[in-house]
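A.B. asks: Supplied in C-alpha cells, the structure appears directly below.
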Ligand code: DAT
Ligand code: MG
C-alpha cells in the first residue's frame with residue numbers, strides 16, 4: 001500500500017439525489033484527483049440507518065436523521081487517495097451548510113443543517129472509514145484499478 005491508498009466512505013444524501021447533485025459532487029472528487037473504487041445507488045433501510053448513525057443514537061435529532069436518510073435513495077461511494085478522509089471532509093465544509101465556506105460542497109450547495117447534501121467519514125474518528133466502507137460495500141464491490149492520471153496528480157507516483 002502506498003500513501004496514496006487511503007480510502008474513505010462518502011455518500012450523496014437523499015436531498016442531494018433529489019436535487020440532481022450526484023454528478024456535481026462526483027465531479028468535484030474526480031477533478032481533485034481522487035480515485036473512485038466503489039459506487040452504489042441504493043436505498044438505506046431502517047436497520048442500516050441505525051447502524052450507520054449509531055454514534056448519534058439518543059441525541060434529539062436522531063429520529064429525524066434516520067427518517068431523512070431513509071426517505072429516498074442515496075449514492076454511496078468509496079474514494080481513494082492521499083489523505084483522502086481529511087481532504088474529503090475539508091471539501092465538504094462544516095456540518096452546518098450555513099457555517100460552510102463558499103467553495104465547499106455544503107457551502108456551495110446547501111443552506112440547512114438537516115439537509116446538508118453529503119456524508120463523509122469522520123477523519124477524527126479512527127476506524128470510521130473502514131467501518132462505514134464495510135457497512136455499505138462487500139469486498140467484491142470495490143474495484144482494484146490503476147488511475148493513469150495518478151502519475152500527474154502525485155509527483156512521486158511510481159506506477
Ligand atoms: P457530519 O455529517 O458533518 O459528520 P455529524 O456526524 O455530527 O456531522 O452529524 C451527522 C448528521 O446529523 C449531520 O450531517 C446532520 C445531522 N445533525 C448533526 N447535528 C445536528 C443538529 N444539532 N441538529 C439537527 N441535525 C443534526
Ligand atoms: Mg459525522
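No value in this document is a laboratory result; all are computed from the given coordinates. Everything quoted here is computed from the prediction, not taken from an experiment. Positions of Cβ are generated from backbone atoms using ideal geometry, with glycine treated the same way; all protein chains shown enter the neighbour counts.
A.B. asks: Can you sort 121, 100, 27 from fewest to most other Cβ atoms within 10 Å of each residue's own Cβ?
C.D. replies: Details: 121 24, 100 21, 27 11.
With the sparsest Cβ surroundings first, the list reads 27, 100, 121.
A.B. asks: Packing-wise, with mean Cβ within 10 Å as the measure, how do 8-16, 45-53 rank, highest first? Mind dumping the intermediate values first?
C.D. replies: Details: 8-16: 24.2, 45-53: 14.4.
Answer by packing, highest mean first, reads 8-16, 45-53.
A.B. asks: Sort the range 34-159 into rounded, prolate or oblate with this rule: let a ≥ b ≥ c be the square roots of the eigenvalues of the Cα gyration tensor; rounded if a/c is under 1.5, and if a/c is not under 1.5, prolate when a/b is larger than b/c, oblate otherwise. Please report the intermediate quantities before stating the final value.
C.D. replies: Numbers: a/c = 2.12, a/b = 1.41, b/c = 1.50.
The shape class here is oblate.
A.B. asks: Pull out the extension gain between residue 130 and residue 31, defined as 0.36 nm times the separation in residues minus the alpha carbon to alpha carbon distance; nm, one decimal. Can you show the working numbers first?
C.D. replies: On the way: separation 99, 0.36 × 99 = 35.64 nm, distance 2.38 nm.
Full-extension gain reported as 33.3 nm.
A.B. asks: Where in the range 1-32 does the label zone of residue 154 land, with the point 7 angstrom along Cα→C-beta and an amide N cut-off under 16 Å?
C.D. replies: Of the residues in the range 1-32, 1-8, 32 have backbone N under 16 Å from the label point off residue 154.
A.B. asks: Still on this model: As a footprinting exposure proxy, order 152, 79 by other Cβ within 10 Å, with the fewest listed first.
C.D. replies: 152, 79
A.B. asks: Kindly state, to the nearest 0.05, the FRET efficiency for residue 63 paired with residue 108, given R0 = 22 Å and r defined as their beta-carbon distance. It would help to have the intermediate numbers written out before the result.
C.D. replies: Details: r = 29 Å, r/R0 = 1.31.
Efficiency for this residue pair is about 0.15.
A.B. asks: How high is the relative contact order of the chain, in percent, counting Cα pairs under 8 Å that sit 6 or more residues apart?
C.D. replies: That works out to 32 percent.
A.B. asks: Taking the Cα-to-Cβ direction at residue 122 and at residue 101 and moving 7 Å from each Cα, how far apart do the two end points lie in nm?
C.D. replies: That separation, rounded to one decimal, is 2.3 nm.
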